[in-house]
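Data first, discussion second: the structure below is written as structure tokens.
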There are 2 protein chains.
Amino acid sequence: MTWIGIDLGGTKVYGVVHHADKIKTDAKRKTPTEGGPDAVVATIAGVIDDLGGIDGIKGVGVGAPGPVDHAAGVVGQAPNLAGGLRDFALGPLLSKALGGLPVYVDNDANVGTLAEHKRGAGKGAVDLLGVWVGTGVGGGLIFDGHLRRGRTGYAGEIGHIVAVPHGRLCGCGHEGHVEAYAGRASMEREARARAAAGRTNRLVELAGEGRMTSSVWAKALEARDPVAVELIDSAVSALGTAVADAVTLLDLDTVVVGGGLTDRFGPTFVGRIEQATRDQMFNQSSPTRVVPASLGDQSGAIGAALMAAESASST
Amino acid sequence: MTWIGIDLGGTKVYGVVHHADKIKTDAKRKTPTEGGPDAVVATIAGVIDDLGGIDGIKGVGVGAPGPVDHAAGVVGQAPNLAGGLRDFALGPLLSKALGGLPVYVDNDANVGTLAEHKRGAGKGAVDLLGVWVGTGVGGGLIFDGHLRRGRTGYAGEIGHIVAVPHGRLCGCGHEGHVEAYAGRASMEREARARAAAGRTNRLVELAGEGRMTSSVWAKALEARDPVAVELIDSAVSALGTAVADAVTLLDLDTVVVGGGLTDRFGPTFVGRIEQATRDQMFNQSSPTRVVPASLGDQSGAIGAALMAAESASST
């Protein structure tokens, strides 16, 4: 059976046609920065047109940035979409735009985790934590082979575990969360704040007014810029604490770490997180593995297609 | 149907006969400090004799201190039993001593959590975390109404979540775990270390060479002893961080806090933990409750009986 998977990101909408565990074709468009729910739905429908339309398609899965009520297809909050949306009824609206075709919506970190579990680095794991290090830090949980969404759709939010009590302010308004140390937006804020306070650094020099991309980070690290080294060390340490906490609480066998920053820095970054995890976790005889994600930036769209297929078969 | 529940503790073995959600009778003996596995099994068999024997009894459940392989009935490590046991085949040995009667073994924090979920403060919760603050800090997880044991039987170990990175040394050998701040053994070590370093305190004065009991803590707090106040503040803060982490990661609706210290300090202690949790958790709209356990020191034995009944019906 053929499914469409959509990765609805803050900057682009990426879609794939997925059949028999393979991508048949893909397409992308820019995420609208204004226009509200209608603009987002129209852009997704446009990507689906680019993919060849819905002829022979069983349904559509969408991975969305923000907490999702999976049963209702509603995205609770998406500050990065079309100027900021709340209670966005994406599933019903997109289904209507597609003439009633079934549409299933889930959190982007959840579908990425599902993809890595079914097709990527987490294949064969019974229980799995996916950690997504990007603009923010997201996570997804697989228990006994199935996504664990939690009562309100918030399960897996490893980015908002406390890494440092009363530590650096997180974008969510609380202190010391993992995302405040390991999310790219927060790391960029910190690098700029240090420059403003007199600690000039390569990160700010290279990025200028622009976005501090993964390649800016890579170059600053190659030059052994002390601020870049310090900020990455703090990110590794925060991620190691959070992963150790999750492994200890849930007795997990596999942790997959992905996302833009991870893909750029590769196995060394993940190896350091694994070491920081082992240094802090309780059960030292546990064979828990911390491994890099293997599907790159296609994991979200693949996972969205897989999630749609699973949701359809379980209803 | 009638079941026996046994709470196998480091100082006493407490047993109940449990029928139709009521305790019919109870009994206790001292836990042997030497004699190995045989002495522990003989003491439990003695308590069962005191309870009236196994006539009409469907089976026995035991809550044991340490990680348990539930399927095999084996306790991995129990440093507090009979001079220290490893890979203690409690289930098979006790069943043999009882002429083949079914025996089910689980971790003490797990069965306590089950009891609070079925009969106590966590009644009606779909997902539940139980936190047990005693000599150490234990925990248990209920998901979708069932105990979550994890792959190796270690799930729920909230006492070994990192509360303070690179913080106080935990009994398990790692730094900064919750138990290092909120477990009574560790708090006592810390109070004595501070006295030895010149910070005389009421805790050490009241306890002398003896054990620093819950009532010693209560008296020192009433006297506003600064060391006692500081140590309890750190315990509340560590527990709040760990509970916030678990709630954020798992999207839990209910957290029950019990154990000796909690029973002594009551709702104020738990209310402070709830506040510390709310201050650090991500989803502020979550209706998560943190409540005191309600079954007191019978929760372990009741939970062991309930666990046995559940295990029998699921096999």
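Here, each number is a calculation from the coordinates, and none is a lab measurement. Worth saying up front: this structure is predicted, and the values here are computed from it rather than measured. Counting neighbours? That spans all protein chains shown, and the Cβs are built from the backbone with ideal geometry, glycine included.
Could you give me D for the protein assembly as shown, from Stokes-Einstein at 20 °C and 1.002 mPa s, where the hydrodynamic radius is the Kirkwood radius over C-alpha pairs? Units µm² s⁻¹, please.
Details: Rh = 25.9 Å.
Estimated via Stokes-Einstein, D reaches 83 µm²/s.
Simple rule: put +1 on each Lys or Arg Cβ and -1 on each Asp or Glu Cβ in the protein assembly as shown, find the dipole, and look at A:Leu203, B:Thr213, A:Gln298; the Cα lying farthest toward the positive end is A:Leu203. Taking amide H as placed 1.01 Å from N in the peptide plane, the amide H of B:Lys24 sits under 5 Å from that of B:Val17, B:His18, B:His19, each at least 5 places away or on another chain. Couplings 3J(HN,Hα) for segment A:83-93, derived from phi with the Karplus relation 6.51 cos²θ - 1.76 cosθ + 1.60 (θ = phi - 60°), are x, x, 10, 10, 6, 8, 7, 4, x, x, 5 Hz, where x marks Gly and Pro.
Based on Cα coordinates alone, diagonalise the gyration tensor for segment A:146-243, multiply each eigenvalue by 5, take square roots, and list the semi-axes in whole Å, largest first.
Values for segment A:146-243, descending: 28, 14, 12 Å.
Modelled label positions at B:Lys24 and A:Leu101, each set 7 Å beyond Cα in the direction of Cβ, lie 6.4 nm from each other.
Inter-copy label distances at A:Thr33, using a point 7 Å along Cα-to-Cβ, come to 7.4 nm with the shortest given first.
Let's see if you can work this out: charge +1 on each Lys and Arg Cβ, -1 on each Asp and Glu Cβ, no other charges. What is the dipole magnitude of chain B about its Cα centre, in debye to the nearest 20?
Values: 29 positive and 34 negative charges, 78 e Å.
So the dipole magnitude of chain B works out to roughly 380 debye.
Remark on chain A: Rg and Dmax equal 19.2, 60 Å (Cα only). Chain B residue nearest the axis that carries B onto A, by Cβ, with distance in whole Å, is B:Asp245, 3. Against chain A, whose longest principal axis is taken from its Cα atoms, helix A:184-196 shows a tilt of about 40°. Relative to the Cα centre, the charge distribution of segment A:125-293, modelled as +1 at Lys and Arg Cβ and -1 at Asp and Glu Cβ, gives a dipole magnitude of about 380 debye. Taking the label point 7 Å from Cα in the Cβ direction, how far apart in nm is B:Arg86 from each other copy of itself, listed shortest first? Between copies, matching label points for B:Arg86 lie 5.8 nm apart.
Residues whose amide H lies under 5 Å from that of B:Val291, counting only those 5 or more places away or on a different chain, are B:Val255, B:Val256, B:Val257; hydrogens are built 1.01 Å from N in the peptide plane. With a 10 Å cut-off around each Cβ of A:272-284, the average count of Cβ atoms from other chains is 4. What does the net charge come to around A:Ala185 if you take all other residues with beta carbon closer than 12 Å to its beta carbon, with K and R at +1 and D and E at -1? Local charge sum for A:Ala185: +1. Between the residues B:Gly153, B:Gln284, B:Ala244, the greatest Cα displacement towards the positive end of the dipole of segment B:125-293, with unit charges on the Cβ of Lys, Arg, Asp and Glu, is found for B:Gly153. Legend: mean number of C-beta atoms from other chains within 10 angstrom of residue C-beta atoms, peptide A:249-258, equals 5.
Given Cα pairs under 8 Å that are at least 6 residues apart, what percent is the relative contact order of chain A? Present the calculation step by step, with values, prior to reporting the outcome.
Values: 704 pairs, mean separation 62.5, N = 315.
Relative contact order of chain A: 20 percent.
Placing a label point 7 Å from Cα along the Cα-to-Cβ axis, B:Ala218 is separated from the same position in the other copies by 6.3 nm, shortest listed first.
Taking the Cβ of A:Val270 as the center, what net charge do the other residues with Cβ under 11 Å away carry, scoring Lys and Arg +1 and Asp and Glu -1? If you can, show how the numbers build up before the last one.
Working: positive: A:Arg272, A:Arg289; negative: A:Asp263, A:Glu274.
Computed value for this residue: 0.
Quick check: the distance between the Cα centres of segment A:130-208 and segment A:51-80, to the nearest angstrom? Using only Cα atoms, the two centres lie 24 Å from each other. Rounded to whole numbers, the Karplus 3J(HN,Hα) couplings from phi for segment B:228-238 are 4, 4, 4, 5, 5, 4, 5, 5, 4, 5, 5 Hz, using 6.51 cos²θ - 1.76 cosθ + 1.60 with θ = phi - 60°, and x at Gly and Pro. Divided by 2.2 N^0.38 Å, where N counts the residues, the Cα radius of gyration of segment A:125-293 comes to 1.03. What is the helix-to-structure angle for B:36-50, meaning the angle in degrees between its Cα long axis and the longest Cα principal axis of chain B, kept from 0 to 90 and rounded to the nearest 10? Taking the Cα atoms of chain B, the angle to B:36-50 is about 70 degrees.
Whole-Hz Karplus values for segment A:292-306 come out as x, 4, 10, 9, x, 7, 8, 4, x, 6, 4, x, 5, 5, 5 Hz, taken residue by residue from phi with 6.51 cos²θ - 1.76 cosθ + 1.60 and θ = phi - 60°; glycine and proline positions read x. The mean number of Cβ atoms from other chains found within 10 Å of a Cβ in peptide A:235-248 is 4, as a whole number.
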